[in-house]
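Undergrad: Pasting in a structure now, in C-alpha cells, and then I'll have a few things to ask.
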Amino acid sequence: LGPANLPDADKLTVWIKEQCMLAAEIYNITAKDFEVEKSWINRMLINSQGRCHNHIIANQQPTDLIAIFYLSNPIMGSNLLIVNNGQPRLLPSEIEANDIFELKSNEGSLIIHQPNLWHAVSKHQSYEPRICFVYHLKAIN
C-alpha cells in the first residue's frame, strides 16, 4: 500500500503535496495539484547504504517530483548523497568524494527533487533505524 495509503497518513500526504506545489515553481513545473503515483517505506539498518540511482524508469513516462520524508534519522544515521555524473549501482565508497554533496537530514525533514537526479545514501552507522517515506508525484494540470 505504501505510506500514502495508510489510514492516518492523509494529513502528511496533503502537506507533502502542498510542498511540491511550492517546489514546482523552482523546477518550472506547471501544476494545479499533485497526485501520488506510488509510495513506499525505506528502512536503513546499521552498515546498510544505498547504491547510486535516479528515478527514471526505462520505457515509462517519468514522474514529475520525488519527495522523501524522514520519519526518523538518528545520530550517525544515513544521509542523501547528491552525485555529480552518477553511474547506476555504484556504492557511495566507489564514488569520487568531490562528486558528492551530502544533504543532512533529521526527523521531519522533507527533500523534494526531480526524478533524473543521481543520488545515493551514505552508510548508516547507527543501531537505530532510519525510516523514510518516498513518494513519486505527478503534476495535475
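Throughout, read-outs are computed from the coordinates displayed, never taken from laboratory work. Since the model is a prediction, treat every value here as computed from it, not as a measurement. FYI the Cβ positions are ideal-geometry reconstructions off the backbone, even for glycines, and counts take in every protein chain you see.
Undergrad: Would you calculate a helix-derived [θ] at 222 nm for the chain, using -39,500 (n - 2.57) for each DSSP H run of n ≥ 4 and dividing by the full residue count, to the nearest 500?
TA: So the helix-based figure for the chain works out to -4000 deg cm²/dmol.
Undergrad: Place a +1 charge on the Cβ of each Lys and Arg in the chain and a -1 charge on the Cβ of each Asp and Glu, then give the dipole magnitude about the Cα centre in debye, rounded to the nearest 20.
TA: Details: 11 positive and 14 negative charges, 53 e Å.
That gives a dipole near 260 debye.
Undergrad: For residue 51, what charge total do you get from the other residues with a beta carbon under 11 Å from its beta carbon, if Lys and Arg give +1 and Asp and Glu give -1?
TA: Around residue 51, the charge tally is 0.
Undergrad: Among 49-57, 4-12, what's the highest-first ranking by average C-beta atoms within 10 angstrom per residue?
TA: Order by mean packing, descending: 49-57, 4-12.
Undergrad: Rg and Dmax in Å for the chain, alpha carbons only: what are they?
TA: 15.0, 44
Undergrad: With a 10 Å cut-off between alpha carbons and a GNM built on the chain, which of 85, 116, 28 moves the most?
TA: 28
Undergrad: To one decimal place, what Kirkwood hydrodynamic radius in Å is obtained for segment 71-141 from all pairs of distinct Cα atoms?
TA: Evaluated on segment 71-141, it is 13.4 Å.
Undergrad: Next question, about the same structure. Sort out the exposed loop chymotrypsin sites (Phe, Trp or Tyr not before Pro) in the chain (DSSP loop, at most 14 other Cβ within 10 Å) and tell me the longest stretch that has none.
TA: 28-126
Undergrad: Take the chain, connect every pair of alpha-carbon atoms lying under 10 Å apart with a spring to form a Gaussian network, then pick out the residue of 104, 32, 17 with the largest mean-square fluctuation.
TA: Among 104, 32, 17, the largest GNM mean-square fluctuation belongs to 32.
Undergrad: Now for a separate question. Over the chain, what relative contact order in percent results from Cα pairs under 8 Å that are six or more residues apart?
TA: Relative contact order comes out at 40 percent.
Undergrad: Quick check for the chain: number of Lys pairs with alpha-carbon distance under 18 Å, counting only pairs 8 or more apart or on different chains?
TA: 7
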